[in-house]
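A.B. asks: This structure is in structure tokens; I'll ask about it shortly.
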Amino acid sequence: QVQLVESGGGLVQAGGSLRLSCAASGINFRSAAMAWYRQTPGQQRELVARITSGGVTNYADAVKGRFTISRDNAQNTAYLQMNSLKAEDTAVYYCYSLSFSGSYWGQGTQVTVSS
């Protein structure tokens, strides 16, 4: 059974930082591309950042220079370090994995940035 379990969300003031974690099980984590998406009410889910199995990263323009995606293959965990948070970063953040065995989503974690 595949599980992606996000944690680390919460309420933070503008300018603050949070680190999201995504613990994966049931997948070949080393060979999976991992990503973080976010969604606000009434909006489509949007890509925030992704990291390939080889460690190549890509970011949405809105978060470049502020967010960092990383992975720890020994812990089967992906991370999203979010610095200099803005009110517009408020959203539900979802972890996503893609590998030969399929694509999977986590349940999401709420991030709220107060201004």
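The values are calculated or read from the model by the stated rules, or taken from the named source; none is laboratory data. On a predicted model such as this, the values are computed, not experimentally measured, just so you know. Positions of Cβ are generated from backbone atoms using ideal geometry, with glycine treated the same way; all protein chains shown enter the neighbour counts. Heavy atoms of the whole protein, side chains included, go into the accessibility calculation; ligands, DNA and RNA do not. Shrake-Rupley method; radii C 1.70, N 1.55, O 1.52, S 1.80 Å.
A.B. asks: Looking at the range 73-115 only, could you name the residues that are among the aliphatic types (A, V, I, L, M) and out of contact with any helix residue (DSSP H, G or I) (no Cβ under 6 Å at 6 or more places or on another chain)?
C.D. replies: Within the range 73-115, 74, 78, 80, 82, 85, 87, 91, 92, 98, 111 meet the criteria.
A.B. asks: Residues that are under 16 Å from residue 44 (Cα atoms) and not aromatic (Phe, Trp, Tyr): list the strands (runs of 3 or more DSSP E) wholly contained in the range 56-115 that include at least 3 such residues.
C.D. replies: Output list reads 91-99.
A.B. asks: Still on this structure: Let me spell it out: the conditions are (1) open to solvent by less than 70 Å² (accessible area, probe 1.4 Å); (2) out of contact with any strand residue (DSSP E or B) (no Cβ under 7 Å at 6 or more places or on another chain); (3) not hydroxyl-bearing (Ser, Thr, Tyr), and residue 43 meets all of them except one. Which number is the exception?
C.D. replies: Single failed check for residue 43: (1).
A.B. asks: Testing residue 115 on (1) open to solvent by less than 50 Å² (accessible area, probe 1.4 Å); (2) at pLDDT below 95, one condition comes back false. Which one is that?
C.D. replies: Result: residue 115 passes all but (1).
A.B. asks: Tell me yes or no: at least one residue of the range 33-42 is touching a Gly at 6+ places or on another chain (Cβ under 9 Å), of a type in the set (Val, Ile, Thr) and in a loop (DSSP other than H, G, I, E, B).
C.D. replies: no
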